[in-house]
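S.K.: The structure is given below, and queries will be raised subsequently.
The values are calculated or read from the model by the stated rules, or taken from the named source; none is laboratory data. Everything quoted here is computed from the prediction, not taken from an experiment. When we count neighbours, we look across all protein chains shown, and the Cβ atoms used for this are built from the backbone with ideal geometry, even at glycine.
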Amino acid sequence: MDSPRLLRRCLLAALSGVLVASAAVGTSAAADPTAAPAAAAAAVTFQDTFDGPAGSAVDSSKWQIETGDNVNNHERQYYTSGNKNAALDGQGHLVITARKENPSNYQCWYGTCQYTSARLNTSGKFTTTYGHVEARMKIPRGQGMWPAFWMLGNDIGQVGWPASGEIDVMENVGFEPSTVHGTIHGPGYSGSGGIGAGYSLPNGQAFADAFHTFAVDWAPDSITWSVDGTVYQRRTPADLGGRTWVFDKPFFLILNLAVGGYWPGDPDGSTAFPQQLVVDEVKVTTGDSSGGGTGAPIRGLAGKCVDVAGANPANGTAVQLYDCNGTAAQKWTVSSDGTLRALGKCLDVTGNGTADGTTVQLWDCTGGPNQKWTVTGAHDIVNPQADKCLDVKDNNSANGTRLQIWTCSGTANQKWTVG
């Protein structure tokens, strides 16, 4: 099959003029499945809980509806307007419904359309650069179903796809009921060459059986995917083989339910209609962008705090674990540039190291990759350059234990709560 995502999206009648992409399966790295999502020191920049009367359309101040068919992917649906296939259920959900019908004699690339569905986006209404982007959803089931929650670079109208970049937070194809995919696409790694991984539920559970939270933690030079707080992949510029990282600019959000196409295949006799993508909430949160402020504690092993030894602001001062005491040495700001700051300086991986056991220290903020951190919804604090986690040495909760970077394992000495 050629280019499953490149063949997926068409130019639809909307502000964005969006094209497409898709998902490739890769290896995954598990983290703590019980971790709660979202760092505490974050501001909500976009949220829709889909409250409103049953049958009403989505909030037009947040979403626009795209209409039309999609020849590029050989999808079978016609995306309709208004509340015909995307409506609130009166119980705090958006329901995107795919039906086997054609009430208005819609014409598709293959002739008279056989199915209707809906697709909506935030282009012209909301964009974000970095942050924790999540949707809590229950996906449909059945051969030929193709639900997705994803993002496109807001400059797509100027530079086209794939130069705009695409971040697929979640895609599912109906013949894989237990698996979802997360992928990035950009110039030289688009369509079937997209870079991503799959995540599967244990014991053959189906995603259609319950609500799940699909998220990315997006920071300068890193994107981390999770399902229900469990991290399953992290991507950085090092994964691109020298190709261009196009994920340091504004992106907008998209929700859709496609029917058929090259990747999922068409519905068959086993597929029941209607099918529904039920969305409980879409939310984007982002860390403090000021680079200053009073900061907040970062708590970890045994409830103790990340601490600058002796409250000493000198370059090279050790960063350690210590009883939480509310002093400035324990007040950290999560900045939009990916740094963690205290006492006017940055959390720094000593000597630009990437090996297990490399210590961390306080240092003048330089903008270097050894000072970039991703605070994930699974409570990891990750240095993307090393692809390693902030770690309490030897799992020792004693005051003064040095902090270091170490291969992410999901253990308690690598779990942190900001705020």
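S.K.: Given the criterion under 30 Å from TYR110 (Cβ atoms) and of a type in the set (Val, Ile, Thr), identify the matching residue among VAL278, VAL306.
M.R.: None of the other options fit; the residue is VAL278.
S.K.: Pull out all pairs, ordered by first then second residue, where Cβ-Cβ is under 9 Å, the residues are six or more apart or on different chains, the first lies in segment 267-282 and is surrounded by 15 or more Cβ atoms within 10 Å (Cβ to Cβ), and the second is in a strand (DSSP E or B) and among the acidic types (Asp, Glu).
M.R.: Listed pairs, sorted by first residue: VAL279/ASP48; GLU281/ASP48; GLU281/GLU134; VAL282/ASP48; VAL282/GLU134.
S.K.: Consider segment 299-350. How many of its residues are farther than 18 Å from VAL418 by Cα and touching a Cys at 6+ places or on another chain (Cβ under 8 Å)?
M.R.: Selection size over segment 299-350: 0.
S.K.: Scan segment 326-344 for residues that are farther than 19 Å from HIS132 by Cβ and surrounded by fewer than 21 Cβ atoms within 10 Å (Cβ to Cβ) and jot them down.
M.R.: GLY326, THR327, ALA328, LYS331, LEU343, GLY344
S.K.: Given the structure, is PRO162 more than 24 Å from ASP217 (Cβ to Cβ), assigned by TED's automatic domain parsing to the domain that holds PHE50 and in contact (Cβ under 8 Å) with a residue 24 or more places away in the chain?
M.R.: The answer is no for PRO162.
S.K.: Give segment 76-121 a look and list any residue that's assigned to a strand (DSSP E or B), within 22 Å of THR49 (Cα to Cα) and either free of Cβ contacts under 8 Å to residues at least 12 places away in the same chain or not basic (Lys, Arg) (or both), or say none.
M.R.: Of everything in segment 76-121, those that are assigned to a strand (DSSP E or B), within 22 Å of THR49 (Cα to Cα) and either free of Cβ contacts under 8 Å to residues at least 12 places away in the same chain or not basic (Lys, Arg) (or both) turn out to be ALA86, ALA87, LEU88, LEU94, VAL95, ILE96, THR97, ALA98, SER117, LEU120, ASN121.
S.K.: Here's something else I'd like to know. Just to be sure before I move on: is THR49 more than 21 Å from PRO264 (Cβ to Cβ) and out of contact with any His (no Cβ under 6 Å at 6 or more places or on another chain) in the structure I sent?
M.R.: Criteria met by THR49.
S.K.: What residue, of ASP280, ASP217, is under 30 Å from GLY68 (Cβ atoms), part of a strand (DSSP E or B), modelled with pLDDT of 90 or more and in contact with a strand residue (DSSP E or B) (Cβ under 7 Å, 6 or more places away or on another chain)?
M.R.: ASP280
S.K.: Which condition number does THR213 fail, the rest of (1) surrounded by fewer than 21 Cβ atoms within 10 Å (Cβ to Cβ); (2) over 12 Å from the mean Cα position of the chain (by Cα); (3) farther than 22 Å from VAL159 by Cβ being met?
M.R.: (2)
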